[in-house]
1. Here are the criteria: (1) open to solvent by 40 Å² or more (accessible area, probe 1.4 Å); (2) modelled with pLDDT of 95 or more. Tell me which single one Asp283 does not satisfy.
2. In segment 197-211, what count of residues is obtained for those that are crowded, with 22+ Cβ neighbours inside 10 Å and more than 22 Å from Gly361 (Cα to Cα)?
3. In segment 426-476, how many are over 21 Å from the mean Cα position of the chain (by Cα) and of a type in the set (A, V, I, L, M, F, W, C)?
4. Going through segment 244-276 one residue at a time, which ones are part of a loop (DSSP other than H, G, I, E, B), in contact with a Gly (Cβ under 8 Å, 6 or more places away or on another chain) and of a type outside the set (A, V, I, L, M)?
5. Please tell me if Ser289 is of a type in the set (S, T, N, Q), surrounded by fewer than 21 Cβ atoms within 10 Å (Cβ to Cβ) and under 20 Å from the mean Cα position of the chain (by Cα).
6. In segment 348-391, which residues are of a type in the set (Ser, Thr, Tyr) and at pLDDT below 90?
7. Counting only residues that are open to solvent by less than 10 Å² (accessible area, probe 1.4 Å) and aromatic (Phe, Trp, Tyr), give me the helices (runs of 4 or more DSSP H) lying completely in segment 393-463 with at least 1 of them.
8. Scan segment 256-266 residue by residue and report those that are surrounded by fewer than 13 Cβ atoms within 10 Å (Cβ to Cβ) and at pLDDT 95 or above.
Amino acid sequence: MTDQNPTAPRPASSSSTAAGPGVIPEFAAAPEGEQLRYAVAGTGHRAGMYIGAITGEHADVATLVALLDTNPGRMAHYESAVSEALGRPASLPTYAPDGLEKMIAEQSVDVVVVTAPDHAHAELVARALAAGADVVVEKPLTIDRPGCRRITGAVRETGRDVVMTFNYRYAPRNSSLRQVISSGEIGEVTSVHFEWALDTVHGADYFRRWHREKKNSGGLLVHKSSHHFDLVNWWIGDVPARVYARGGLKFYGDRNAAERGLGARPARGTGVVGDPFTLDLHDDARLKSLYLDAEQYDGYLRDQDVFGPGITIEDNMALLVDYRRGATLTYSLNAHSPWEGYRVTVNGTAGRAELEVIERGAIELDELGKAVLDPSATPTSVGDSLRPEGERLLVQKHWERATEYAIPDGIGGHGGGDAILLKDVFRRHLRVADDELGRPAGYLDGLRAVAVGIAANQSLVTGLPVTIADLDLGADLSLPGAS
């Protein structure tokens, strides 16, 4: 399994080879020779997971027929990777973004996988649908109101399919919380508190790359938090109605660096020694190939200084979200924590559920002052008894003691959810039965998730609460069967 982000912590489930009972859906055998034809639009780091899946585990149901990107160096990287995986020259046709429709027609593309930067999602999704292909799109669906309206209009006009890849739904710890809530064990949900901590390796990485400009990513409230808002929407089976947000850039950026007296900073991390806030692209062969070696084509720098100028996104965010049925969500995201993980508390009329996940208890530095990305693989690493890495789900009903709810093993990254998600992405037509947990997601789920972030961004500007219905995102966000 290819990690989507080398700076993110690798939980123990990432190395699991067998999932727990009931974690993986049951699929029928694939009919021989029936392969859908896939093209990947956007060949940065995130594309690797899908390309690896198409040429690996899911090669019996999928075939990769084309790549699309602005950068020929990145496409060449994946053509080489595909050739190695297949054991023969891949000779994949490559296209620039203005050739999307030509690619779909010439290569008879059935599905376009969109893994381009967030600001490009709406255009690529809408154009692919109009050209006759279905779409698999990475989160977030899009970053703003016009993007939402463009996608909803394209779906309405074409009737084609859009799959959202919300991999956190498939992480067994998150699925387990969904099971607890849907079982009614804690009663009707009255409130949710959700705290997410990104550490100074993973969190800092968003301030090095294109995400650092809100025009590209919608900020972390859209790019990162759409994962989290989708989880809450899915956990409690409800639709967000109103959002009030506060936040700002309080740690990263040149102004904060100056106020703390950090002094002169290198413009980029490659070649810098002894600064844990820098990223040297030579340290990761894949990042070097995808970005350092490809700079000559477009000038994009993957390793910018997190304390440099031009950062327009927030690193501290807090939200209050009202849901249609009356529950409230309090949410916070911090991108400069000394540890990484999240805590969720769900209060109900019959009790309370608490999920705590510690993905990386501390960041350790090596003898050169560089962050150790995988402490478990470092012989000198010492476990942290005060903040041990792991996950725990507690359920406590009124007038009873707390009990621990067993979380089964997953496989792959993102808490053991990636590999399971990919099975649904490429084999959902072979499912033996519907998913009782409702994990597969479509574009309306994507809309409900980004609606919170888009409303939050507006609230940050105005200082006022924002009613999501007033955003007019182009579609009815009500859940099926809701009155």
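The values are calculated or read from the model by the stated rules, or taken from the named source; none is laboratory data. Everything numeric here is computed off the predicted structure, so don't read it as measured data. Ideal geometry is used to build each Cβ from the backbone, glycine not excepted, and the neighbour counts take in all protein chains shown. With ligands, DNA and RNA removed, areas are computed over all heavy atoms of the protein, side chains included. Shrake-Rupley method; radii C 1.70, N 1.55, O 1.52, S 1.80 Å.
1. If we test Asp283 against (1) open to solvent by 40 Å² or more (accessible area, probe 1.4 Å); (2) modelled with pLDDT of 95 or more, just (2) comes out false.
2. Result for segment 197-211: 1.
3. Here the count works out to 12.
4. Gly253, Arg265, Gly274, Asp275, Pro276 - these are the residues of segment 244-276 that are part of a loop (DSSP other than H, G, I, E, B), in contact with a Gly (Cβ under 8 Å, 6 or more places away or on another chain) and of a type outside the set (A, V, I, L, M).
5. Taking the combined requirement at face value, the residue does not satisfy it.
6. If the condition is that a residue be of a type in the set (Ser, Thr, Tyr) and at pLDDT below 90, then Ser376, Thr378, Thr380, Ser381, Ser385 are the ones that fit.
7. Per the criteria, 418-427.
8. Within segment 256-266, Ala258, Glu259, Arg260, Gly261 meet the criteria.
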